[in-house]
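Asker: This is the structure, below, for whatever I ask next.
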Amino acid sequence: MGNGTAMINQEFFHRRNVTLVTLISAYFIIQITINSFIEGIASIFPPAFLFAGFYLIVILLLHKKVNPKLTMYVLVSFMYIYFYVLLTDSPYLVNYLFMWLALPLSAIYQNIRVVLVAGVASILLTVYSYIYLHQEIFPNVGKEDFVYLILFGIFITSFLVLFIQKVRQANGKLQEIAYRDPLTGAANRLLLKEKFNQLKDENASSIAMLFIDLNGFKSVNDTYGHEVGDRLLEMVVARIDGVLRGTDLLCRLGGDEFVILLSNVNRPVPEAIATRIHHALEEPMEIDEQLVHVTASIGGSFTTEVMQADLETMIREADKAMYQAKGK
C-alpha cells in the first residue's frame, strides 16, 4: 500500500521543483533588469552565464523527470553556487540579503534534510562574506557582532525545521483521510486514479487490474453483525496485502469489492497473484471466538496499450471477468 503514496510523493517533489525554478527565474529576471538599468548590461556578467548553464541543466532534469529528490538537491546546490559567484563578482549588501532568500525557498519541499543543507550553506556563505568581503559588505560590523549573523542563520533554520515538522504531521493526517479507506486502510478511488495516471505518465510497459468480490460476506454480516463484518474486511485486506508485491496497489471500491492495480508485468503475473490471494483466504479467520470463512471471486483485465488505457474501462472489464469466474 505504501507504493501509491511513494509515487505521489515523487510527483509532489517534481511539482515543487517546477515551482522553485519558476520563482528563481522570476527573481533573476527582476535582478538583471534592475542591474542593467542602473549599471548597464555588462554588469550582469559573468554570473548570467553561470545562471544560464545551471538553468539549462535543471530544465533538462525536469523535462526528463529525473529522480525528483535528486533534482531537488541539484537545484538547491545550484542556488548557493550561483550566490557564491554573485557575491564574489558583486560584493554588495543587497546581494548578501538576497542570498538568505534561498533558505526559506528551500522550505517549499517540506524536507528537513534539504533545509538543513540550505541552512549550513547560508551560514558558510555568511562566514565567507565576512572574512573575504568584509569591507564591501560589512564595513561597520565588528567581530563582536558577527556572532549574531551566525545565530540568525541557526534561528531561521531551526524555525523552518520545526515548522516543516508540524506541516508534515498535518499533511500526513490529511493524506490518510484523502487517499485511504478509513476502515481497512486500503487505497480509495482517488489514490487509485492518481497512481493509474502516474503509470501512464511514466509510460509503464503494461497495466493489469484484478477485481475481487468476497463470497459469503453478506451472510457473515447477517449472522454475526456489521461489527464482525468490518473486522473481517480488515483481516481480509491484511491477508491480501501480505501476498502483494511492493509495486502493487490494493484499493477498496466499497462494500466487499476490491481492485488491485499492477504495472510492468506480463500476463501470467496477475493470474499468479490471484492464486496467492485464494490461498491466503483458505484459512478461516477467528473473530470474537468465531471461525469465519470467506472465499473470493477474482477477474482481471490487462493491457500493454498504456497510453490509451482508461481506468473505468479496465475496472469494468475486470468486473465482468470476475462475474464469469463467480459463475464457474
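Asker: Of the cross-linked pairs LYS218/LYS328; LYS69/LYS193; LYS166/LYS200; LYS173/LYS326; LYS69/LYS173; LYS173/LYS193, which ones have a Cα-Cα span greater than 27 Å in the structure shown?
Answerer: LYS166/LYS200; LYS173/LYS326
Asker: How large a share of the accessible area of the chain, in percent, is made up of carbon and sulfur atoms when the probe is 1.4 Å and the other protein chains stay in place?
Answerer: 61
Asker: In sequence order, what are the phi-derived ³J(HN,Hα) couplings for region 29-36 according to the Karplus relation 6.51 cos²θ - 1.76 cosθ + 1.60 with θ = phi - 60°, rounded to whole Hz, with x for glycine and proline?
Answerer: 4, 5, 4, 5, 5, 5, 4, 5
Asker: Hey, another quick one. Using only the alpha-carbon atoms, how far is helix 268-280 inclined from the longest principal axis of the chain? Give it as 0 to 90 degrees, nearest 10.
Answerer: The helix 268-280 is inclined about 70 degrees to the chain.
Asker: Here's a follow-up. So if each residue of separation counts as 0.36 nm, and I subtract the Cα-Cα distance between ARG267 and HIS134, what length gain in nm does that give?
Answerer: 41.1 nm
Asker: What are the ³J(HN,Hα) couplings of region 81-97, residue after residue, when phi is run through the Karplus curve with 6.51, -1.76, 1.60 and θ = phi - 60°? Round to Hz, x for glycine and proline.
Answerer: In residue order, the calculated couplings are 5, 4, 5, 4, 5, 4, 5, 5, 7, 10, x, 10, 4, 5, 5, 5, 5 Hz.
Asker: At 7 Å along the Cα-to-beta-carbon direction for both LEU60 and HIS279, put a label point, then send me their distance in nm to one decimal.
Answerer: Going from the LEU60 label point to the HIS279 one covers 4.8 nm.
Asker: Long-range amide H contacts for ILE287: which residues qualify at under 5 Å (H placed 1.01 Å from N, peptide plane, sequence gap of 5 or more or a different chain)?
Answerer: Sorted by chain and number, the residues that satisfy this are VAL292.
Asker: Same structure again: If you roll a 1.4 Å probe over the heavy atoms of the protein chains, what accessible area per residue do you get for the chain, in Å²?
Answerer: 53
Asker: Please determine, in degrees from 0 to 90 and to the nearest 10, the orientation of helix 311-327 with respect to the longest principal axis defined by the Cα atoms of the chain, where the helix direction is its Cα long axis.
Answerer: Helix 311-327 sits roughly 20 degrees off the main axis of the chain.
The values are calculated or read from the model by the stated rules, or taken from the named source; none is laboratory data. Keep in mind it's a predicted model, so treat the numbers as computed, not measured. Please note: Cβ atoms are built from the backbone with ideal geometry, for glycine as well, and neighbour counts cover all protein chains shown. Just so you know, the surface numbers come from the protein's heavy atoms only, side chains and all, with ligands and any DNA or RNA stripped out. Shrake-Rupley method; radii C 1.70, N 1.55, O 1.52, S 1.80 Å.
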